[in-house]
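Structure first, then comments.
The values are calculated or read from the model by the stated rules, or taken from the named source; none is laboratory data. Source: prediction; values computed, not measured. Cβ placement follows ideal geometry from the backbone for every residue including glycine, while neighbour counts extend to all protein chains displayed. Heads up: the accessible areas ignore ligands, DNA and RNA and are worked out on the full protein's heavy atoms, side chains in. Shrake-Rupley method; radii C 1.70, N 1.55, O 1.52, S 1.80 Å.
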Number of protein chains: 2
Amino acid sequence: MTEIQIAQSVTPKHIKEIAAKLAIPEEKLEYYGNDKAKLPLNIIDDEKVKTNNLILVTAITPTPPGEGKTTTSIGLVDALNILEKKAVAVIREPSLGPVFGIKGGAAGGGWSQVIPMVDINLHFTGDFHAIEKANNLLSALIENNIQSKSRSLGIDPRTVVWKRCMDMNDRGLRTIVAALGGKAGGVPRETGFNITAASEIMAILCLATDLEDLKEKCGTIYIGDTWQGKPVFAKDLNAEGAMAVLLKDAIKPNLVQTLEGNPAIIHGGPFANIAQGTNSIVATKMGMSLSDYTITEAGFGSDLGAEKFMNIKCRAAGISPKAVVLVATIRALKYHGGKSLKEITQEDVEALVKGLPNLDGHIASLKSFGIPIVISINAFQSDTEAEIQVLKDHCEKLGNPVALSYGWEKGGKGCLDLAEKVIKAADSCTSQFHPTYNLEDNVHNKMEKICQTIYGGEHVVLSDIARSQLVKYEVMGFGNLPICMAKTEKSFSDDQKRLGRPKNFDIHIREFEIAAGAGFIVPIAGNMLRMPGLPATPAAERITIDKNGVIEGLF
Amino acid sequence: MTEIQIAQSVTPKHIKEIAAKLAIPEEKLEYYGNDKAKLPLNIIDDEKVKTNNLILVTAITPTPPGEGKTTTSIGLVDALNILEKKAVAVIREPSLGPVFGIKGGAAGGGWSQVIPMVDINLHFTGDFHAIEKANNLLSALIENNIQSKSRSLGIDPRTVVWKRCMDMNDRGLRTIVAALGGKAGGVPRETGFNITAASEIMAILCLATDLEDLKEKCGTIYIGDTWQGKPVFAKDLNAEGAMAVLLKDAIKPNLVQTLEGNPAIIHGGPFANIAQGTNSIVATKMGMSLSDYTITEAGFGSDLGAEKFMNIKCRAAGISPKAVVLVATIRALKYHGGKSLKEITQEDVEALVKGLPNLDGHIASLKSFGIPIVISINAFQSDTEAEIQVLKDHCEKLGNPVALSYGWEKGGKGCLDLAEKVIKAADSCTSQFHPTYNLEDNVHNKMEKICQTIYGGEHVVLSDIARSQLVKYEVMGFGNLPICMAKTEKSFSDDQKRLGRPKNFDIHIREFEIAAGAGFIVPIAGNMLRMPGLPATPAAERITIDKNGVIEGLF
């Protein structure tokens, strides 16, 4: 069965039944069909947040097919529910753009999925669309002010750093010259689009504590300078009120269900390589208010998602996980051991052993946070007894609990061992996480600490452009913000070809983007792009729907 | 009270109660909150469509504040319900872009509104967003194919006529150079964005009979030529399946309610000046399947919306209205009589008389369709007895029934006279509408007939570019398509300064756009733009939301 066939083989429960499991009164639900609902922010209970067991699911350096973080997260929630624990998944919304590229859906896999899977992967409840509109309203207001004779702020069009966004893998929008066509068309300037998940509005939505905070953060977005060199913010254009109106529903988390009928809250952005990449603070806190165990995930390897989860999100929210689940697959470790994608389904203990340093690197990074770690081996049918034994022995030698997880094949039943080890780990957790850097460190030091502690690298090297940008941003008073690194997800380093656990490398920062509203600095490492393109054979070509509404080729 | 205060003073009924009025079973409803629902296409009953009384509401040449077509449509539906007729409004979805410009909402006014008014004017059920994504997916696939080495169709980037779209008044996107930034960014070319309501996908959604037809129409979109001059269609990129998947929910009409709790179906696109400007065929047929009287509207003056309603929509759908309501206001007629916006609230019978030829022009145009006409004077407090009498006498002298309507002030109670006259007119209707032109006429003749019969002008004059485009499109076999004129809404002519009933003018066609998928040719008259800009003081600056979710400044 394909993912979509499995997803559609289960009849979803009415979402009010799922809400009832969490003791949410029906009148608090805002239905989107029978299987999706938005939840109001007043469900958040700060007292309950303090005592909840927050569990972060992260992974080793991912390989092209993905390691199964979402699958593991869903399987773990279902397993905890089997063990009669009140557990909820709080995960990220998929981006529409990649659905038409290579990746396909992002709603778990096999028997560990969230449903309605098609809707979740397409428009869902419209959150990304609302983010896009708020982002692009600000762009239109900027363009309009530059054009204005009577009410001009004197914005120097050459300095505008605010970009438009679109949730589409469209390389043609990465760099454009806009506002052509003569006087009525505006003042021509070079600009571009980011993919919506990478927009600052997504980050603001994910980091805001409520609608008022969101509006204020929108107002403090830095957009560029006047001809006199004075910085201009969104509030100078009176933009934040209308932006907040556009986001009034998007800020509310979305309730759906796992295939086993357990609650899942989905809200906020993916793409931990080019964005902060964790779900929203309000969704996480809501999950923590409604359960005893809150399972959340952060994108790509622990060097990206987990690092940002701790240093940006947990710090901002005042929360801390009780355990971290590190997902690994035997086939991925063989890939890091030098095998090709075609070869990794054949038994190869030697390649596996060669790939183990990647796992070790992630364990070392995660240890720096001081939170208990559980390793979850996401099982595949191609895994052999010999390989499994070698991996288990290795993990145990390092002193880490390790569980074999069969979420894809068996759902919650396949993750009971993992669930038990997670419960034990969370019980043993006695402290808050240790951040990698202090906010008071200067920006270069903060980046160096991430590079050394998390990536295992040497130094951070700035391009000439990046160096002058950094001077400017520090003078502007942004030096105390946390760091949101844009770096390849395919390596600890900034070179995607360096698999395993690379050593003796520097991180090269090409340029900085500043997210003054969201509250972080984005150093862009290597050749990272914040607007992807489509592959030579896009998935879109295979996707279709027949007259009965049956969809093919989506996943 | 402001529009928004009136709208929020009424507690909406649960949408299932509204559905029950139309005898729609609850299990057919797909809820979006408690006050909005999507309706499945299988509600359409072709037998009932044949016998229904379809009423079109149109208007004289509009002035900046608008004449109140939607207000009249809602008031008429409420009045018909008071008279115990089964009546439903089937109207257009507002565009988000203008909400942040000058116009404000488009959900009726005063006590004749549809609710939830804020949602309807913002994201509603996401239809515009879905249209935008389907449109822009095609753009991304075009860009990707031009970039492709292995699977290139050989598209000549200079010939690509397909534009991206965005539902935002952003003049900076009107003309752009895209795909800059070197090899990875694509092949640079000049292109642009239309506002979403003006996109061909909106027209396809409005003209499709079902999802299968929509998919097929998406496939026949013409996008440009190969280097060898061969036309390329969306189906050559295998785009139509994924586009249809994105539109699978957007094609379903949306059920909401009037302030008086009567049913309103809202679906499909506005902007009859730059698009086809009527709601969807499926929504209209659905309304006709569920009621005895279906009140619909078409944008701007009868020269634009009504002409396209008849010649494009009714022809395609095989339907015909039983009566046309022509909305006029005394203040607008004074404006056409030469008074300024400030002066039209003062009594001025002479100016009113001078403005009457505009009304006469619309009556003459509408008479050409052979359908009974009822004139509705949308009453304002500034109207005086003397003015009302002059206008009534004039209409009656012409042999037209005329009603004073107080929908804004009194809701349905204020439109009872109109409702009675509409019932009588519909009862008297004995024939189908007469189209303005035959599809077999050549394109130039079709335009000439519109110019002469509808606009009261002389001839259609093509620019050199338009002439060569027309030769090309006729050779390509598009000569039999209907015409969807893009012309200013402010005048019968293509010069927005010529108010009243201009004479002795030609219509100047600057260029053509071809909508091969939707199935019409778009001649662009004068200096019409299909992507608006924001005004010097955009409404966005006044709009805000407080921490309790109370919105200010929206309308």
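Observations on the model:
- Qualifying positions in segment A:202-221 - surrounded by fewer than 24 Cβ atoms within 10 Å (Cβ to Cβ) and touching a residue at least 60 places away in the same chain (Cβ under 8 Å): A:T209, A:D210, A:L211, A:G219, A:T220
- Annotation note: of A:T70, A:T11, A:T2, A:T61, the sole residue that is among the polar types (S, T, N, Q) and at pLDDT 95 or above is A:T61.
- Among the residues of segment B:502-519, none qualifies, meaning not one is crowded, with 19+ Cβ neighbours inside 10 Å, small (G, A, S) and within 30 Å of B:T2 (Cβ to Cβ).
- Screening the candidates B:S148, B:S139, B:S112 for the property of being more than 18 Å from the chain's Cα centre (by Cα), open to solvent by 10 Å² or more (accessible area, probe 1.4 Å) and of a type in the set (S, T, Y) yields one hit, B:S148.
- Residue in segment B:282-292 that is surrounded by 24 or more Cβ atoms within 10 Å (Cβ to Cβ), assigned to a helix (DSSP H, G or I) and either in the same structural domain as B:T209 (by TED's automatic domain parsing) or touching an Asp or Glu at 6+ places or on another chain (Cβ under 8 Å) (or both) present: yes
- Meets criteria (farther than 24 Å from A:P253 by Cβ and part of a helix (DSSP H, G or I)) for A:K334: yes
- Condition met for B:D464 (more than 30 Å from B:Y293 (Cα to Cα) and open to solvent by 80 Å² or more (accessible area, probe 1.4 Å)): yes
- Among the candidates B:R498, B:R530, residue that is of a type in the set (K, R) and assigned by TED's automatic domain parsing to the domain that holds B:H459: B:R498
- Residues that are outside any helix (DSSP H, G or I) and of a type in the set (A, V, I, L, M, F, W, C) within segment A:404-450 comprise A:L404, A:C429, A:F433, A:L439, listed in sequence order.
- Qualifying residue in segment A:251-267 (condition: of a type outside the set (S, T, N, Q), within 14 Å of chain B (Cβ to nearest Cβ) and open to solvent by 10 Å² or more (accessible area, probe 1.4 Å)): yes
- In segment B:356-381, the residues that are hydroxyl-bearing (S, T, Y) and open to solvent by 30 Å² or more (accessible area, probe 1.4 Å): B:S368
- Filtered residues of segment B:165-195 (kept if within 18 Å of B:M528 (Cα to Cα), facing another protein chain (nearest Cβ under 10 Å) and touching a residue at least 24 places away in the same chain (Cβ under 8 Å)): B:M166, B:D167, B:M168, B:N169, B:D170, B:R171, B:L173, B:R174, B:T191, B:G192, B:F193
- Failed item in (1) closer than 24 Å to A:G277 by Cβ; (2) out of contact with any Cys (no Cβ under 6 Å at 6 or more places or on another chain); (3) crowded, with 23+ Cβ neighbours inside 10 Å; (4) not β-branched (V, I, T), with A:G101 passing the rest: (3)
- Among the criteria (1) surrounded by fewer than 20 Cβ atoms within 10 Å (Cβ to Cβ); (2) in contact with a strand residue (DSSP E or B) (Cβ under 6 Å, 6 or more places away or on another chain); (3) closer than 19 Å to A:L56 by Cβ, the one A:S428 does not fulfil is (2).
- Scanning segment A:195-202 turns up no residue that is under 20 Å from B:I543 (Cβ atoms) and either among the polar types (S, T, N, Q) or out of contact with any strand residue (DSSP E or B) (no Cβ under 8 Å at 6 or more places or on another chain) (or both).
- When segment B:115-131 is limited to residues that are touching a helix residue (DSSP H, G or I) at 6+ places or on another chain (Cβ under 6 Å) and more than 8 Å from chain A (Cβ to nearest Cβ), the one that is surrounded by the fewest Cβ atoms within 10 Å (Cβ to Cβ) turns out to be B:N121.
- Residues in segment B:74-93 that are part of a helix (DSSP H, G or I) and farther than 12 Å from B:N262 by Cα: none.
- Residue within segment A:239-256 that is hydrophobic (A, V, I, L, M, F, W, C) and under 30 Å from A:K413 (Cβ atoms) present: yes
- Candidates A:N527, A:N548, A:N504: the one that is in a loop (DSSP other than H, G, I, E, B), more than 7 Å from chain B (Cβ to nearest Cβ) and under 30 Å from A:C314 (Cβ atoms) is A:N527.
- Applying the criterion of being open to solvent by less than 50 Å² (accessible area, probe 1.4 Å) and in contact with a Pro (Cβ under 9 Å, 6 or more places away or on another chain) to the residues of segment A:13-23, the residue that is farthest from the other protein chains (Cβ to nearest Cβ) is A:L22.
- Segment A:132-152, residues that are among the charged types (D, E, K, R) and either in contact (Cβ under 8 Å) with a residue 40 or more places away in the chain or within 7 Å of another protein chain (Cβ to nearest Cβ) (or both): A:E132, A:K133, A:E143, A:R151
- Of all the numbered requirements in (1) in a helix (DSSP H, G or I); (2) open to solvent by less than 30 Å² (accessible area, probe 1.4 Å); (3) away from chain B (no Cβ under 14 Å); (4) of a type in the set (A, V, I, L, M), A:I4 misses one, and that requirement is (3).
- Residue within segment B:86-94 that is free of Cβ contacts under 8 Å to residues at least 60 places away in the same chain and either open to solvent by 10 Å² or more (accessible area, probe 1.4 Å) or within 14 Å of chain A (Cβ to nearest Cβ) (or both) present: no
- Only one of A:V77, A:V10 that is within 21 Å of A:G268 (Cα to Cα), among the hydrophobic types (A, V, I, L, M, F, W, C), touching a residue at least 40 places away in the same chain (Cβ under 8 Å) and buried (at least 16 other Cβ atoms within 10 Å of the Cβ): A:V77
- Matching residues in segment A:485-525 - criterion: being within 30 Å of A:G338 (Cα to Cα) and of a type in the set (A, V, I, L, M, F, W, C): A:M485, A:A486, A:F492, A:L499, A:F505, A:I507, A:I509, A:I524, A:A525
- When segment A:468-501 is filtered for residues that are open to solvent by less than 10 Å² (accessible area, probe 1.4 Å), within 23 Å of A:A332 (Cα to Cα) and among the hydrophobic types (A, V, I, L, M, F, W, C), the ones remaining, listed by number, are A:A486, A:F492.
- For B:G305: the one exception among (1) free of Cβ contacts under 8 Å to residues at least 40 places away in the same chain; (2) crowded, with 24+ Cβ neighbours inside 10 Å: (1)
- Within segment B:341-355, considering residues that are open to solvent by less than 50 Å² (accessible area, probe 1.4 Å) and either of a type in the set (S, T, N, Q) or under 11 Å from B:S382 (Cα atoms) (or both), the one nearest to the chain's Cα centre (by Cα): B:I344
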